[in-house]
Amino acid sequence: MQSQSSNIEEIPLLIAQVDAVQSEDSGDFYYRTYAPGIGMANCDGAYTLSCTNLHRLKFEIMHQADVLIINNLCDEDILPIIRKRKAAGKLTIYEISDDLSDIPPAYGQIRDVYLRSKNLLLMKRLANYCDALQFCSHELQRKFGYLNATSAVFPNQMLEIPPERKTRPSENVTVGWGGSLGHLKDMESISKALIEWVMSRENVRLHLMCPDEIWALFDRLPRDRISRSPTGSLQDYYRFVSQLDIGIAPLEDSDFNRSRSDVKFLEYAAHTVAPVVQARGPYLMSVQSGKTGLLFNSADELISILDRLAYDASARAGLAAAAYRYVLVERNQLERGRDRVQFYCSLLAAARWKASPGGAGAAETFERLCNSVGAKKTGRNVYLSATRYEQLLLGGAAALQTDKSRAREIFEEAIRIIPSFYVPYLMGAFVFDNTVGSLRNAIARNPLSIAACLCLGAVYGGMGMKKEAIETFNTAASIFPDYEQPYIQCANYFNSIGMNEEGIELLKKAIAVIPEAIRDPLRRKGATSESRQKAD
């Protein structure tokens, strides 16, 4: 950045990532939040922090950050925050890291959220309203790039690359795979052929790290020909991978799979394991077939490749070594973190952003947040992990599905700990004795909560309080007039009480405020100018 500055060392920058709730042991958290945070903080002048959307300090973080990245979030209360950030010349990026329109059933509650058309539309609304979009794969950019005129692709990188493993010639070969239940169909597609092949080769052993459902696919294999590592943390997975000679990665053809990252290939390569991966989606972009990995199109082709590698130790070693060198040079997070920071700086310059004098704001805010309970600091990166308070909110949300009495107790405890945060009043409204009072408390603590106003309007409507319902829906609309849901919900209420003409007019208004890019996805805006795209 020229003048204002492509030289990121000149201006301290506070970059915040706010994600949906996820386990700190998960690969998603590591590759999409933790590792990028460390990589960006490795750039002189950059301070990075991360938290989930349930964190008690999220609003302070969202308002203070020079760059705010919101990952897969579906929360209408962020809309007025983005508006305020735009007015201040601050940058807000929406990250789509999965194909949210095609989530497999194995992903449970996450899938249920995005199956609701309202939530999928809200995700698109947020993506459109932010200053730019970012993705972890080119396929995601191809599919969702139309939502915003500015987008970038930042593929996953490896943060920890161990020393190259020196393989020794051996007749015995360990072929392996590790993953979650979301890959059940992928493994099912090759299981029969893989079982037959392992049983026909005395020198081959299959090693899996997987849930019970995937392990059951290989029941026919004698236990002296197959072994299993229990599922665990990412570090446990790395230890598992380091024991393999050949790593396989089947991938069934689906929108969700085509949009995945190539991280399984990276993990094999970083641990000097010969990668054999499906010729599909993410792997086609990064694997140089025959050099850094081998691609297969069918189960039969997979077996043919495995057969060659099992009897050619030199070929295995050469493939693994070339893959390792590729990751070490091209996919190192400590080097590639600069790609993100430079992209953000170019957008900040275009927005005529001005840092506080001397850049003190970034450093001071960072240091103050580092002193928060639950803060985990690594250099100029800090992750605000869940404290007892955030764990209560998460536990209360889970209890809503099974034990409303227990949920009420949990939310009451959260309120006792921090009475000023609006979220437990909103989340617990329908298990508290006084639902209206709880929602009013939420609005009193966050007058810009569209979600609380919409809930309260619906409650008033159900109680037959027409005037109060309409006023509350209007309040929701006034917070962010370009958001369609207040008009839609008020229109539905009008229709329920026979005010059909008024309902029709509101539905027309709802349609009018939906951006054209969202209403007509066929008008793809993904073909943006080179200056506004950044790819690995």
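Read the figures in this text as sums done on the coordinates, not as results from a lab. On a predicted model such as this, the values are computed, not experimentally measured, just so you know. Reconstructed Cβ throughout: ideal geometry from the backbone, glycine too, with neighbour counts over all protein chains shown.
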Check: Over the chain, with a single point scatterer placed on each C-alpha, what log10 of the ratio I(q)/I(0) does the Debye formula yield at q = 0.07, 0.08, 0.10 1/Å?
Finding: -0.45, -0.59, -0.89
Next item on the list: Name the shape class, rounded, prolate or oblate, that the alpha-carbon gyration tensor gives for the range 173-330, where a ≥ b ≥ c are the square roots of its eigenvalues, rounded holds for a/c under 1.5, and otherwise prolate holds if a/b is larger than b/c and oblate otherwise.
Entry: rounded
Next item on the list: Amide H neighbours of residue 48 under 5 Å, at least 5 residues apart or on other chains, H built in the peptide plane: list them.
Entry: 15, 381, 382
Checklist line | Mean Cα-pair separation over length for the range 173-330, i.e. relative contact order, pairs under 8 Å, 6 or more apart, % | finding: 23
Note to self: What's the ranking of 317-325, 301-309 by average number of surrounding C-beta atoms within 10 Å, highest first?
What the structure shows: 317-325, 301-309
Check: Which order results if 233, 191, 261 are arranged by neighbouring Cβ count within 10 Å, fewest first?
Finding: 233, 191, 261
Margin query: Based on alpha-carbon centroids, what's the gap between the range 100-123 and the range 177-241 in Å, whole number please?
Written below: 29
Item checked: Amide hydrogen neighbours beyond the local backbone of residue 90, cut-off 5 Å, H modeled -> none
Next item on the list: Please give the peptides 280-286, 212-218, 86-92 ranked by average Cβ packing (other Cβ atoms within 10 Å per residue), highest first, as a rough proxy for protection.
Entry: 280-286, 86-92, 212-218
Next item on the list: Stick to the Cα atoms of the range 198-267, pair each with every other, and give me the Kirkwood hydrodynamic radius in Å at one decimal.
Entry: 13.9
Next item on the list: Taking a cut-off of 30 Å between Cα atoms, list the lysines near residue 166, but don't count ones fewer than 8 places away on the same chain.
Entry: 264, 291
Next item on the list: Check cross-link reach from residue 509 to the lysines: straight Cα distance under 23 Å, and skip same-chain residues fewer than eight apart.
Entry: 118, 124, 466, 467
Next item on the list: Using the Karplus curve 6.51 cos²θ - 1.76 cosθ + 1.60 with θ = phi - 60°, work out ³J(HN,Hα) for each residue of the range 92-102 in order, rounded to whole Hz, and write x for Gly and Pro.
Entry: 10, 10, 9, 9, 9, 10, 8, 6, 6, 8, 9
Check: Between the range 425-471 and the range 263-340, how many Å separate their Cα centres?
Finding: 54
Item checked: For the range 209-225, 3J(HN,Hα) per residue [Karplus equation, 6.51 cos²θ - 1.76 cosθ + 1.60, θ = phi - 60°, Hz, x = Gly/Pro] -> 10, 7, x, 4, 4, 7, 4, 5, 5, 10, 4, 6, 6, x, 5, 7, 10
Next item on the list: Subtracting the Cα-Cα distance from 0.36 nm times the residue separation, let me have the gained length for residue 253 to residue 239 in nm, one decimal.
Entry: 2.1 nm
Next item on the list: Show me 417-429, 102-114, 265-277 ranked by packing, highest mean number of other Cβ atoms within 10 Å first.
Entry: 265-277, 417-429, 102-114
Next item on the list: Would you work out the relative contact order for the chain, in percent, from Cα pairs under 8 angstrom that are 6 or more residues apart?
Entry: 18
Note to self: Within the range 461-481, list the residues whose amide N lies under 20 Å from a label point set 7 Å along Cα→Cβ of residue 513.
What the structure shows: 461, 467-481
Margin query: I need the phi-derived Karplus couplings for the range 411-417: 6.51 cos²θ - 1.76 cosθ + 1.60, θ = phi - 60°, integer Hz, Gly and Pro marked x.
Written below: 5, 5, 5, 4, 5, 5, 6
Next item on the list: Would you mind counting up the charge near residue 296? Only other residues with Cβ under 12 Å from its Cβ, with Lys and Arg at +1 and Asp and Glu at -1.
Entry: -1
Next item on the list: Express as a percent, rounded to the nearest 5, the fraction of DSSP beta bridges in the chain (both residues included) that run antiparallel.
Entry: 10
